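Shown next, in structure tokens, is the structure this report addresses.
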Amino acid sequence: MRRKPAGVRRLSGIGVLVAALLAATACTSGGDGATRDPDPGADIPYREGTLRVLASSELADMRGVLDQAERKTGVKVRATWTGTLDAAELIASGKADGKYDAVWLSSNDYLRLSPGVGERITNETPIMSSPVALGVRTETVRRLGWQPDEVTWSQVHQAVVAGKLTYGMTDPVRSNSGFSALISVASGLSGAQAALTDADVSRAKGKLKEFFTGQKLTSGSSGWLATAYTRRGSVDALVNYESVLLSMNRDSGTGLTVIRPKDGVVTADYPFTLLTSAPQDARESGQALTSYLRGAEAQKALTEQTFRRPVVPSVPPAAGLATDKRRELPFPGSRSVADGLLDAYENQLRRPSRTVYVLDTSGSMEGERLSRLKDALAGLTGTDESATGERFRDREEVTLMPFGSEVKKVLSHTVDPDGRAAALDAIRADARALSASGDTAIFSSLQEAYSHLGRSGSGADAFTSIVLMTDGENTTGAKAADFDGFYAKLPPDRRSTPVFPILFGDSDRAELEHIAELTGGRLFDATGGQESLDGAFEEIRGYQ
Amino acid sequence: MKRIVGIFLAVLLIGGVAAAVVAGRESQVSDTATKTVRGVIGSEKAEFFADPDVVKALDEHGFSVKTETSGSWAMEELTLDGTDFAFPSSTAPADELADKYQVPGTPPRPFYSPLVVVAHRSAAEVLARNGLAALDGESRGTLRMGPYLEAARKERTWQQLKGASAHAELTGTVFIASTDPMTSNSGALYLAAASYVDNGGKVVSDKAAVARTAPLLKQLTVVQGAQQTSSDAPFRDFISGVGNPLVLVYESQVASVLLQKQEVGDLVVLYPDTTVISDHTLVPLTDNGRELGALLTTDTRLRELAVRHGFRPQGAAAEFTTATAPYQAFLNQRLTGVRQAPVPTTEWLHAMAQRARS
């Protein structure tokens with residue numbers, strides 16, 4: 001058992017994610033009249049007819065169907081977006097009891113592997129399905145000479161090795177689509193004939209490592225991945241749910257050829273699941289809702305609106321969904337195989353990360369703010385004993401760049417698997433030694449971060465990213481316009497490093513949003529409660 | 001139809017209960033006020049209880065039944081305070097529950113259904129061509145358990161079977177997807193049927209037999225990886241065109257879809273030549289629960305509705321065969337050539353499931 005039970009840290013992470021997603025929805029949909037909760041992380045008591053649902057973030061596209069369900073059944077869904085693995089921990093620990101009535105994830109497979117979950121969930125009702133597929137640019141398909149319905153994972157692997165294919169994929173530790181892809185590709189490349197075993201995983205490690213050299217984009221959520229893919233423009237393919245890929249084609253004219261590899265896929269079946277702790281009325285509301293969602297009207301609407309596959313025989317799949325069958329690759333039957341695969345991905349198989357933390361340690365951070373920052377960094381660093389995804393990764397180069405009126409220090413450490421404990425201890429010690437003084441030179445410091453990453457570090461082939469944490473506005477050094485000019489002059493490969501700003505204390509949302517937008521990053525909100533800063537740092541890990 | 005269910009439930013939930021009471025009185029079948037009866041049921045009976053006609057028929061007898069679903073073997077772990085009945089899908093978990101809650105008498109078994117395997121036609125034809133199944137026409141056949149279990153023991157892959165290469169989805173180890181035998185009835189009954197065959201046609205009833213059958217049962221289970229906890233989910237995956245090509249379900253799940261005149265595509269129903277019958281057994285926890293159990297067993301209209309949902313009413317075989325006459329291409333109405341294996345006691349079934357999952 002590698003993963004810890006959910007702690008408060010995880011809980012707040014979910015709250016932050018909700019805020020970020022709601023903000024994202026607001027930006028992209030231009031106010032679709034969706035009701036937005038001012039403080040979605042807060043506990044709310046059960047209200048009759050309103051289900052508090054812990055849900056996979058991609059289900060945001062079900063709003064139309066759910067609104068109709070509410071009109072027909074009187075049952076309202078109040079969703080809190082979460083990742084599958086976070087949800088599993090939350091439920092297993094009992095922390096979801098009393099806060100949520102139901103859970104609606106892309107899949108319950110991982111959830112069910114967690115001890116203590118079985119007796120907390122009931123009424124699992126699959127609503128629709130969507131396999132994890134590969135969306136490839138049409139010109140790339142042509143260049144590779146692929147027959148879309150004949151492509152196998154081995155062919156994808158060969159194209160990557162030949163340098164002819166790059167792709168984006170979500171972080172398997174935090175997102176089910178990434179995890180499903182990891183299982184598919186591990187099955188495909190190991191030649192496993194049945195559910196994956198530890199032996200299959202170790203046999204395939206060499207090929208898997210090669211396969212992941214082609215991964216040029218990573219993300220904590222499938223929504224941001226799609227945005228980043230469109231923005232980057234230079235990545236050939238995207239691993240995501242078939243439904244997401246087809247929706248991108250419809251909504252943004254992405255023109256992706258959707259490939260379900262011939263040697264097998266892992267399919268999400270979206271089981272609407274009640275928590276046994278839910279009040280009686282909530283459970284009855286849940287039954288009414290699932291009865292409606294399984295009816296022909298909702299099934300027809302959901303396949304047409306979201307490109308997921310219906311689960312009743314009377315409703316045909318929407319146009320555009322291929323009907324030839326694929327082998328369904330089994331999900332690992334034990335937690336040790338599932339976690340072993342995740343751990344291998346995180347620490348051995350994926351491209352390493354180079355991460356720069358640009359940290360505001362100006363005078364205003366003195367006191368409680370600085371101690372929160374130190375705690376958050378210590379939590380993020382983890383220890384040699386930390387579970388997968390809960391410490392800096394093996395091979396990761398971590399740079400702390402505290403700043404006030406200027407960058408005060410550049411503190412770099414690489415987490416060498418042979419000296420892991422020492423490296424993590426050193427990062428934690430550096431974080432603990434931070435002190436507050438000076439003004440706030442946000443833009444000058446960001447420029448230094450880009451320059452630092454430009455100098456060849458421990459690994460040239462790495463995911464690079466910058467996290468900016470500040471509690472105030474820019475007061476000295478380069479101005480926003482200067483930074484814009486600096487960024488525009490960077491060579492294209494360095495421009496691809498995103499900045500993930502964290503809104504904290506008295507920082508200026510507009511200023512930080514601009515930075516996120518300019519660099520292709522994403523804003524995270526840590527203005528919530530005590531734990532929100534930990535949560536924000538934690539969420540960002542999925543993007544590094 | 002399901003839409004109507006949704007609307008109907010909604011009406012009930014929004015406060016139409018009063019109206020239902022009035023309707024019940026007007027029908028003059030019962031002069032008592034509507035009694036709300038709460039139960040926890042196996043998922044395969046959810047649509048039966050949600051059927052507006054079932055709701056109406058129960059209402060005419062003064063019952064408003066509220067249900068939630070659970071794996072039959074998981075019911076033991078639920079808190080059943082305020083629950084009037086538990087309705088697992090076989091006698092073994094029912095006996096456990098009856099024992100735990102000290103329910104006197106024999107719990108009623110209003111209806112039953114044999115376990116079957118659904119296959120897409122491509123898979124069924126490949127199995128038949130390789131002697132693992134025998135087809136009676138396009139949409140119905142027999143799964144030959146002996147050869148099938150032998151293939152499983154040898155970890156045969158589809159690629160090794162003649163004719164599979166024409167179908168992209170037929171690769172990997174040949175297995176029947178079943179539910180988690182630790183929590184779900186159909187998965188446990190699958191092990192019951194397989195162990196009966198593997199044990200030379202004798203029901204497993206001691207440690208030695210558990211040990212003898214354990215390697216095969218484990219083989220049938222581990223290849224599946226993660227298993228679902230209710231029979232509804234794998235069947236939905238199958239209908240959705242995803243999931244494993246062979247799925248263990250209750251005959252009632254298939255019959256229900258057929259009786260609702262839904263399109264089933266290239267579905268083939270394979271009756272294992274040795275199978276287990278699932279006796280849906282209602283464990284009454286209160287007097288209301290007891291009355292409901294009796295009603296489901298004796299009321300002609302409710303039996304008719306049970307048939308509509310694919311169940312075979314106990315002691316009224318003709319009611320099922322008449323209703324399913326148009327679907328003989330799929331259903332083996334008289335279970336010709338199907339041997340019924342007895343189910344081991346809970347103790348041994350649990351032991352087998354545990355060994356299989358370990």
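Structure data summary
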{"quantity": "Size-normalised alpha-carbon gyration radius of the stretch B:57-137, reference 2.2 N^0.38 Å", "calculated": "1.65"}
{"quantity": "Distant alpha-carbon pairs in chain A (separation over 36 angstrom), percent", "calculated": "31 percent"}
{"quantity": "Probe 1.4 Å - accessible area at residue B:81, Å² to nearest ten", "calculated": "130 Å²"}
{"quantity": "Pair residue B:106, residue B:261: separation of 7 Å Cα→Cβ label points (nm)", "calculated": "4.0 nm"}
{"quantity": "Full-stretch length increase - residue A:418, residue A:435 - with 0.36 nm per residue and alpha-carbon distance subtracted", "calculated": "3.1 nm"}
{"quantity": "Karplus-derived HN-Hα couplings along the stretch A:122-127 (A = 6.51, B = -1.76, C = 1.60, θ = phi - 60°), whole Hz, x at Gly and Pro", "calculated": "8, 6, 5, 10, x, 9"}
{"quantity": "For the stretch A:352-543: Kirkwood Rh in Å [reciprocal of mean 1/r, alpha carbons]", "calculated": "16.4 Å"}
{"quantity": "Violating pairs (Cα-Cα greater than 18 angstrom) within the set A:164/A:216; A:164/A:205; A:374/A:408", "calculated": "A:164/A:205"}
{"quantity": "Other-chain or far-sequence residues with amide H under 5 Å of residue A:125's (modelled H)", "calculated": "A:272, A:273"}
{"quantity": "Accessible area of residue B:89 in the full protein assembly, 1.4 Å probe (Å², nearest 10)", "calculated": "0 Å²"}
{"quantity": "Gain in span if fully extended, residue B:336 to residue B:322, counting 0.36 nm per residue against the direct Cα distance", "calculated": "3.4 nm"}
{"quantity": "Prolate/oblate/rounded call for the stretch A:117-251, Cα gyration tensor, a/c under 1.5 rounded", "calculated": "oblate"}
{"quantity": "Mean ellipticity per residue at 222 nm, deg cm²/dmol - from DSSP H runs of n ≥ 4 across the protein assembly as shown, formula -39500 (n - 2.57)", "calculated": "-12500 deg cm²/dmol"}
{"quantity": "Computed magnitude of the charge dipole of the protein assembly as shown (debye, nearest 20; Cβ of K, R +1, Cβ of D, E -1)", "calculated": "2180 debye"}
{"quantity": "Under-14-angstrom lysine pairs by C-alpha in chain B, whenever the two are 8 or more apart or on separate chains", "calculated": "6"}
{"quantity": "Surface share of carbon and sulfur [accessible, 1.4 angstrom probe, percent] for chain B", "calculated": "51 percent"}
{"quantity": "Taking chain A and dividing mean pair separation by its residue count, relative contact order in percent (alpha carbons under 8 Å, at least six apart)", "calculated": "17 percent"}
{"quantity": "Amide H partners (placed H, <5 Å) of residue B:37, local residues excluded", "calculated": "B:64, B:65, B:66"}
{"quantity": "Cβ neighbours within 10 Å from other chains - mean over A:122-134", "calculated": "5"}
{"quantity": "Computed accessible area, residue A:221, all protein chains, 1.4 angstrom probe, square angstrom", "calculated": "10 Å²"}
{"quantity": "Ranking by accessible area, most exposed first, for B:250, B:196 with a 1.4 Å probe", "calculated": "B:196, B:250"}
{"quantity": "Three-way shape label, the stretch B:277-349, alpha-carbon gyration tensor, a/c 1.5", "calculated": "oblate"}
{"quantity": "Long-range tail of P(r) for the stretch A:322-445 (Cα pairs > 25 Å, %)", "calculated": "39 percent"}
{"quantity": "Prolate/oblate/rounded call for chain B, Cα gyration tensor, a/c under 1.5 rounded", "calculated": "prolate"}
{"quantity": "The stretch A:208-317 - charge dipole about Cα centre, Lys and Arg +1 at Cβ, Asp and Glu -1, debye rounded to 20", "calculated": "280 debye"}
{"quantity": "Cβ neighbours within 10 Å from other chains - mean over B:227-239", "calculated": "6"}
{"quantity": "Area buried, chain B against chain A - accessible surface, total, 1.4 angstrom probe, square angstrom", "calculated": "3900 Å²"}
{"quantity": "Amide H partners (placed H, <5 Å) of residue A:50, local residues excluded", "calculated": "A:76"}
{"quantity": "Largest-first ordering by accessible area, 1.4 Å probe, given options B:144, A:137", "calculated": "B:144, A:137"}
{"quantity": "Accessible-area ranking of B:100, B:207, largest first, probe 1.4 Å", "calculated": "B:207, B:100"}
{"quantity": "Per-bin percent of Cα-Cα distances, the stretch B:160-304 [5 Å]", "calculated": "2, 8, 14, 17, 17, 16, 12, 8, 4, 2, 1, 0"}
{"quantity": "Protein accessible area in the stretch A:352-543, 1.4 Å probe - carbon and sulfur %", "calculated": "47 percent"}
{"quantity": "Accessible surface, per residue, of the protein assembly as shown when the full set of protein chains is kept, probe 1.4 Å, Å²", "calculated": "35 Å²"}
{"quantity": "Partner chain coverage, peptide B:46-53 - average Cβ within 10 angstrom", "calculated": "2"}
{"quantity": "Percent accessible area from carbon and sulfur atoms, the stretch A:228-295, protein chains only, probe 1.4 Å", "calculated": "46 percent"}
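The values are calculated or read from the model by the stated rules, or taken from the named source; none is laboratory data. What you see is a predicted model; the values in this text were computed from it and never measured. Neighbour counts are summed over all protein chains in view; Cβ atoms, including those assigned to glycine, are modelled from backbone coordinates with ideal geometry. Protein only, heavy atoms only, side chains kept; ligands, DNA and RNA dropped before computing areas. Shrake-Rupley method; radii C 1.70, N 1.55, O 1.52, S 1.80 Å.
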